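Have a look at this one.
The values are calculated or read from the model by the stated rules, or taken from the named source; none is laboratory data. This one's a predicted model, so the numbers in the text were calculated from it and none came from an experiment. Backbone-built Cβ (ideal geometry, glycine too); neighbour counts: all protein chains shown. We work out accessible area using only protein heavy atoms, side chains counted, and drop any ligands, DNA or RNA first. Shrake-Rupley method; radii C 1.70, N 1.55, O 1.52, S 1.80 Å.
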Amino acid sequence: MEVTPNHTQTVAGWAAMNESGKVEPFVFKRRENGVDDVTIKVQYCGMCHTDLHFIQNDWGITMYPLVPGHEITGVVTKVGSNVSSFRVGDRVGVGCIAASCLYCDHCRRSEENYCDKVTLTYNGVFWDGSVTYGGYSRMLVAHKRFVVRVPDTLPLDAAAPLLCAGITVYSPMKHHGMLRSPGGSLGVVGLGGLGHVAVKFAKAFGLRVTVISTSPAKEKEAKERLGADHFVVSTDQKQMQAMERSLDYVIDTVSAKHSLGPILELLKVNGKLVLVAAPDQPVELPSFPLIFGKRTVSGSMTGGMKETQEMLDLCGKHNITCDIELVSTDGINEALARLARNDVRYRFVIDIAGDSNSKL
C-alpha cells in the first residue's frame, strides 16, 4: 500500500494484480491537491493497446498493482493556488505523461515526452517517489503542466483517445511536414485506434490516403466511412507491387511483429516511414529497400504538451473525434479480451462516471 505521507485521498479504481490479463476493483490512495495540481473527476478513459501490454507484463517492466489508462477526460473539481489556467468545472484531459524534469532542453521546448526523467501516467515513479496510477479510476490528481483543455465542441467520450492515439499520429505528421503538404500521399499501416485517427487527420489536411491492412474486410469502412482514397491488402503481393514507389510518407501503427521490407517498397525515393507502435518483438528491417530507395525509418512517441493542446484545438476546429465503443466499468475485462483479438472499431472507451451495471 501507499506509504507517501500526503497520499490521503481514497479512490476507487480498477487494477491488474498479476499477469493474468484481467483487472479487478481496487481501492487506493492519491495525493492531496498541491499548489500546482488540478484534481479531475474522471468521466471517460480510452483503452489503449499499451494498457494490454502493461497488464500482461509483455515488456517485463510492470509494477503491480497496475491501474492503467492514459486517455483520460473529465471535469476539474479543484485547483491549486498556483494554477491560473484552469478553473473548477473546466473540461480537461490527461494523456500519457504525469511528470518530467521541467528544466532540460526537451522540457524547455515542450518535448516533455523525450525528457530523461519523464514519468508516465501509470506504471511510473512520480516526484514524491510514489508509483503513478492511471485513468481506470474515479478521480485523478495531475500537475497543471500535464493537463490540457478539451474544446467545447468535442464530446468527452470520443475525445478521450485523442490524448494518446490522436497525439501519437499527429506529432510525427507535423514533424515530417505532412500537415503542410496538401496533395501529398500517406500510407497508414493498420486500421485500428491509431490508424483511423491518422486517416482523419490526413484527409482534413488534404493528403491522399492509402490504408494498408491484412484484413480485406476493412476496405469498405476505410473508403466509405473514413474517406481513404486507396486500400491495399498487405498480404496480396500483386496489390503491393502495384503501389510500389507511390507514397511520400507511411505511418506504421501495427503493434505486432512484422517486416518493414514490403512497406518500404511502397515509398518513393526519399520517402519516410514512421513507427508509432511498440511490438514486443523486434520488427524486420531489410537493408535493400532502404538503400535503393534512400528511404528513412524513424520512430515517434506521443507528443509534448503544447503540441497536444494544438492537436486538440485542431480537432475542435475540424470536428475530428475517434470512433468508439463505450464500455461500462464492469465490462472492462471483456473489452480487454476483445482488444487482444483486435475486435474493436476503433477504440474502447470506459464510461468511468456512468452508473450502468449492464455487461458489455
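Based only on Cα atoms, what Rg/Rh ratio does segment 165-299 have, Rh being taken as Kirkwood's radius?
Dividing the radius of gyration by the Kirkwood radius yields 0.92.
Just to compare against my own numbers: the Cα pair-distance distribution for segment 147-236, 5 Å bins, whole % per bin, please.
Distribution as computed: 3, 14, 24, 22, 19, 12, 4, 1, 0 percent.
What do you get when you divide the Cα radius of gyration of segment 74-208 by 2.2 N^0.38 Å, with N the number of residues?
This ratio for segment 74-208 stands at 1.17.
If amide hydrogens are placed 1.01 Å from N in the peptide plane, which non-local residues have theirs closer than 5 Å to the one on VAL250?
Amide H to amide H, under 5 Å and 5 or more residues apart or across chains, VAL250 pairs with GLY187, LYS272, LEU273, VAL274.
Okay, next question. Give me the compactness ratio for the chain, meaning the Cα radius of gyration over 2.2 N^0.38 Å.
Taking the Cα Rg and dividing by 2.2 N^0.38 Å, one obtains 0.98.
Next question, about the same structure. To the nearest 10 degrees, how steeply does helix 305-318 sit against the main Cα axis of the chain, on a 0 to 90 scale?
It is inclined by approximately 70 degrees.
Ok, one more. Which value, in Å² rounded to 10, gives the accessible area of GLU19 with a 1.4 Å probe and all protein chains present?
110 Å²
While we're looking at this one, here's another question. Straight distance only, please: which lysines reach the Cα of LYS306 with their own Cα at less than 24 Å, same-chain residues fewer than 8 apart left out?
Within the straight-line cut-off, LYS306 pairs with LYS41, LYS78, LYS117, LYS144, LYS174, LYS200, LYS203, LYS317.
Report the Stokes-Einstein translational diffusion coefficient (µm² s⁻¹, integer) for segment 142-196, Rh taken as the Kirkwood radius over Cα pairs, at 20 °C with viscosity 1.002 mPa s.
Value of D from the Cα-based Kirkwood radius: 162 µm²/s.
Divide by every residue of the chain the summed helix terms, -39500 (n - 2.57) for each DSSP H run of at least 4, and state the resulting mean residue ellipticity at 222 nm, rounded to the nearest 500 deg cm²/dmol.
The helix contribution divided over the chain gives -5500 deg cm²/dmol.
Mind pulling the angle between the C-alpha long axis of helix 165-175 and the longest principal axis of the chain? Nearest 10 degrees, somewhere in 0 to 90.
Approximately 60 degrees, to the nearest ten.
Further question on the same structure: Run down the aspartates and glutamates and flag those whose C-alpha is under 15 Å from the C-alpha of LYS272, throwing out any fewer than 8 positions away in its chain.
GLU244, ASP248, ASP252
Accessible area, 1.4 Å probe, largest first: how do LYS117, LYS257 sort?
LYS117, LYS257
Sticking with this one: R0 = 51 Å: FRET efficiency of ILE291 with ASP351, Cβ-based, nearest 0.05?
0.55
Translational diffusion coefficient of segment 1-104 at 4 °C, 1.567 mPa s, Stokes-Einstein with Kirkwood Rh over Cα pairs, in µm²/s as a whole number.
Diffusion coefficient, whole number: 85 µm²/s.
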